[in-house]
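Report on the structure given below.
Nothing in this text is a laboratory measurement; each read-out follows from the coordinates by a stated rule. Not measured: the values here are computed from a predicted model. So basically every Cβ, Gly included, is an ideal-geometry build from the backbone, and we count neighbours across all protein chains shown.
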Amino acid sequence: MTTETMEAPAVAVPTATPPHPLREFWGYFSANHGAVAGLVIIVAVVLVALLAPVIAPHDPNLTNTAIALQPPFWQAGGSISYPLGTDPIGRDILSRLIYGAQLSLLIGIAVVTLSIVIGTVLGLVAGFFRGLTEIFIMRLMDIVLTLPSLLLAIVIVAVLGPGLMNAMLAVALVILPHYVRLARAAVITETSKDYVMAARVSGAGTTRLMFKEVLPNCTAPLIVQASLGISTAILDAAALGFLGLGAQPPSPEWGTMLADAREFVLRAWWVVTFPGLAILVTVLAFNLLGDGLRDALDPKLKR
Amino acid sequence: MLRFIFTRVSLIIPTFIGITLLAFFLIRLVPGDPIETLAGERGIDPARHEQLRKEYGFDQPILVQYGIYLSRVLQGDLGKSMITQEPVLNEFSSLFPATIELALCAILFALIIGLPAGIIAAIRRNSIFDHGVMGVSLAGYSMPIFWWGLILILLFSVQFDLTPVSGRIDVLYYIEPITGFLLIDTLLSDEVDAFWSAVQHLILPTIVLGTVPLAVIARMTRSAMLEVLGEDYIRTAKAKGLSRFRIVALHALRNALIPVVTVIGLQIGVLFTGAILTETIFSWPGVGKWLIDAIFRRDYPVLQGGALLLGVVVMSVNLLVDLAYGLINPRIRHTR
């Protein structure tokens, strides 16, 4: 309580240069335990997906009717070589879940990438050109938003035919309006700022203004929405798989696994419990990450 | 106010055109000949084919075809189901009450639990209760409800034998549809046993369909309450010596509810999406299951008409929510 504590503040004197933006971001982000937990789970899922051929104990598609519907290892009749049990045609559930992680991540990333690229371009165009172009694009997006998302996805898949590829396209279209709206709103705020005027005066063309000047300054909301979008994409694609409209059997997609196992729910709890749990945990992780990113990147909440 | 209503109502015209365009092109985008798509897999003889081609106007330019389709839709003619030969509109209106009944119960369930949970979480900020509510609602928000339904069946129907697994009411009972809502019809026809059977059948689907709205409402109520509780007028009310209950119930809640009402309105679309999955799991005879069945039977008229009708319903609900919101909150109707 005397001289020692008096000296302590000297260390905390603000440094002359502000901290690197990434460092500052990490400071805010790591203070949010939920977000860090989400990140840890996502890293784990990514590792599982990448190392699937190494860590999966069995071939995910290898059937063996002799061991059909074996319970998990801690229940009577289960064995440690099939830790989470087997499905109705004797495939190892754990191995299928591990390979399913590849599919779910692929779905999430591919859908959001497609959506974000098209959405950003449409949003930039709407925000820059205004007038009729803007009205047309935004009304179109409003219509997409009006329809219940899964209904629209179902209709699209019904037309294109069931399958993972078509399901991904449908989900990408369904989440598109969020990115268009975000990009347009950001563009409209940014274009009124001086640096855009400065760039314009120094002769920058519209394309350069759009992609080089404005876009980098509206990435924050897009990143947040991307993380939340991945969770929506995984969830919706799994729902389509569950309805029989997404990935088709024998694909180890988690939603499709649930659909396959549905009729055995009364006899074997493990065949439905684990795939759903995998979906829930992964989706939860991306939502936690998205919330954390928003808190860390949103300047309104800072300080 | 009139001006606000007028602009808001006129905004639905492009949306309506968009939905009809979507439904119109749906049939034409299915690979193959649209007449054969509409007629089903059994095929039809060439003379009938030609007749249908004329009737539906497939020999006309695409814009004229759309005009014909639109005028049919506006007259309530959405075509006939290929399987049952029933008009799509009739099938929809006989199944829709089941969906509405389920959706209303689900939103009530979400409100009865979500509102108090959000309010208490906000009052006791950072307490264990608050963290619990936020954690549970985040899980609810991330819930694959098609799995949630199966797990609840596993727990309540299989393990404890408390609730039925599927359907709307026990097959023992036949209730003449009066309103279409079984909870009301059973009471109107004085069948108390049937009423309880209907209630039991409703419990699990209601929980499953209500989970996501519950999570969203709890989160939204909490954050709206937190914002309001920090306002000056709350401090004034405290300074006046009002009781805690009075402050929360009368001063804070009323203002916190405005964003919550909007969120509830936005959940309507989510509810219909969820209804498709919930009805499929519980074999609930509503429009969601009807649509999914139509896909697998390749009953395209049903798919086309059903999607259009559901789209129109959601559009109308959104419109009503917006109008109600404009009534409650004058700031909305005076901007722009």
For chain A, what percent of Cα pairs sit more than 32 Å apart?
42 percent
From zero up to wherever the largest Cα-Cα distance of the range A:76-209 sits, split into 10 Å bins and tell me the percent of pairs in each.
11, 27, 24, 17, 11, 6, 3, 0
Taking placed amide H atoms and a strict 5 Å upper bound, the residues 5 or more places from B:K80 or on another chain that come that close are B:V88
Calculate how steeply helix B:192-229 sits against the longest principal axis of the alpha-carbon atoms of chain B, using the helix alpha-carbon long axis, and give the answer as 0 to 90 degrees to the nearest 10.
60 degrees
Shielding of A:137-147 by partner chains, average beta-carbon count, 10 Å
5
Which whole-Hz couplings ³J(HN,Hα) result when phi for each residue of the range B:124-139 is put into the Karplus expression 6.51 cos²θ - 1.76 cosθ + 1.60, θ = phi - 60°, listed in order with x for Gly and Pro?
9, 4, 6, 7, 4, 4, 4, 4, x, 4, 5, x, 5, 6, 5, 5
Can you give me the long-range amide H partners of A:T63? Hydrogens built in the peptide plane at 1.01 Å from N, cutoff under 5 Å, separation of 5 or more residues or another chain.
none
Exposure-ranked with fewest Cβ neighbours within 10 Å first, A:K212, B:K289 stand as A:K212, B:K289
Taking A:L222, A:L288 and counting other beta carbon atoms within 10 angstrom, the fewest-first order is A:L222, A:L288
Restricting to DSSP H runs of at least four residues, report the calculated mean residue ellipticity at 222 nm for the protein assembly as shown, -39500 (n - 2.57) per run over all residues, nearest 500 deg cm²/dmol.
-23000 deg cm²/dmol
Filter chain A for me: DSSP H helices, axial length by Cα at least 24 angstrom, mean Kyte-Doolittle hydropathy not below 1.6. List them by residue number.
A:33-50, A:93-129
Vicinal HN-Hα couplings computed from phi for the range B:79-91 (Karplus, 6.51 cos²θ - 1.76 cosθ + 1.60; Hz; Gly/Pro x)
x, 10, 5, 6, 7, 9, 6, 7, x, 4, 4, 5, 4
Using 0.36 nm per residue, how much length does the chain from B:E227 to B:L108 gain when fully extended, once their Cα-Cα distance is taken away?
40.4 nm
Just to compare against my own numbers: the Cα pair-distance distribution for the protein assembly as shown, 20 Å bins, whole % per bin, please.
16, 48, 31, 5, 0, 0
Rounded to the nearest 10 degrees, what's the angle between the helix B:287-296 long axis and the longest principal axis of chain B, both from Cα atoms, 0 to 90?
40 degrees
Across 10 Å bins from the origin, how do the percents of Cα pairs in the range A:158-303 run, short distances first?
11, 28, 25, 19, 11, 5, 1, 0
How crowded by other chains is A:153-164, given as the mean number of beta carbons from other chains within 10 Å of each beta carbon?
5
Just the projected area, averaged over all directions, of the convex hull on the alpha carbon atoms of chain B: how many nm²?
22.9 nm²
Helix B:46-56 sits off the longest principal axis of the Cα atoms of chain B, rounded to the nearest 10 on a 0 to 90 degree scale, by 40 degrees
Describe numerically, in nm with one decimal, the distance between label points set 7 Å from Cα along Cα→Cβ at B:D45 and at B:E86.
3.0 nm
Which of A:R23, A:R262, A:R184 ends up with the largest GNM mean-square fluctuation for chain A, with Cα atoms connected below 10 Å?
A:R23
So what are the ³J(HN,Hα) numbers for the range A:211-216, from phi and the Karplus equation (6.51, -1.76, 1.60; θ = phi - 60°), rounded to whole Hz, Gly and Pro as x?
8, 8, 9, 7, 3, x
